Amino acid sequence: MDVAKLKIIQYPDPRLKKKSKPVVNFDPDLAALAQRMFELMREEEGVGLAAPQVGVNLRLFVMNHTGQPEDDRVVINPVLTALDGELENEEGCLSIPGVRVNVLRADQMKLEAVNLAGETFEREANDLESRVWQHETDHLDGILLIDRMSFTEKMRFRKKLKELEGKFKA
């Protein structure tokens, strides 16, 4: 795979609706994929980007919820546990540009995942960090922001969604 050619794919690309496969090879290609995903995420001023959003069917996402380089995270084969509380906040998605909606998510949780070296790690978080985990894990399960939208929000954004659908070439 030539990671330099990867770009963010947009709704309604059917690759966004597929459940991703677990990562089993922790090699230089995986590291190159993660690096390219960070580049694309930053170009679009996002806080997270999942592999399906660049057309790669793997359970991996990159994120940085603060913008500080030391907070770059590569999250592989994530499992979210100990979900607690509820918090509604606005979310956007790099694969559905121009659409921002309120989404109710768990406020606190634990993340169990693997890093690029294949080492397991655990983190606990709340607020924006846990929201990014949930949003990106949704992508790994083939769930899009549009699937979390109310009927009213779908009506509000129907023109934008139709525009994206019209631009899509299968």
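None of the figures in this text is laboratory data; all of them are computed from the coordinates on show. Quantities reported herein were computed from a predicted structural model and do not represent experimental measurements. FYI the Cβ positions are ideal-geometry reconstructions off the backbone, even for glycines, and counts take in every protein chain you see.
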Restricting to the range 114-164, what's the tally of residues that are under 20 Å from the mean Cα position of the chain (by Cα), acidic (Asp, Glu) and surrounded by fewer than 18 Cβ atoms within 10 Å (Cβ to Cβ)? 5
Say whether the condition of being touching a residue at least 24 places away in the same chain (Cβ under 8 Å), farther than 21 Å from Leu6 by Cα and among the aliphatic types (A, V, I, L, M) is met by at least one residue in the range 64-80. yes
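Can you report the number of residues in the range 125-170 which are within 30 Å of Glu112 (Cβ to Cβ), in a helix (DSSP H, G or I) and among the β-branched types (Val, Ile, Thr)?
Number satisfying all stated conditions: 3.
Results for (1) in contact (Cβ under 8 Å) with a residue 12 or more places away in the chain; (2) hydrophobic (A, V, I, L, M, F, W, C); (3) under 14 Å from Met63 (Cβ atoms); (4) in contact with a Ser or Thr (Cβ under 6 Å, 6 or more places away or on another chain), shown as yes or no for each residue.
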residue	(1), (2), (3), (4)
Gly118	yes, no, no, no
Arg131	yes, no, yes, no
Ile143	no, yes, no, no
Arg148	yes, no, no, no
Enumerate the pairs (first residue in the range 29-45 and closer than 12 Å to Ile8 by Cβ; second residue anywhere and of a type in the set (A, V, I, L, M) and assigned to a helix (DSSP H, G or I)) with beta-carbon separation below 9 Å, excluding pairs fewer than 6 apart on the same chain, so at least 6 apart or on different chains. Arg36/Val3; Arg36/Ala4; Arg36/Val54; Met37/Val3; Met37/Ala51; Met37/Val54; Leu40/Val54
Of all residues in the range 1-33, how many are surrounded by 15 or more Cβ atoms within 10 Å (Cβ to Cβ) and either β-branched (Val, Ile, Thr) or more than 30 Å from Leu161 (Cβ to Cβ) (or both)? 7
Extreme residue, farthest from Glu124 (Cα to Cα), among residues of the range 56-90 that are aliphatic (A, V, I, L, M) and buried (at least 18 other Cβ atoms within 10 Å of the Cβ): Val56
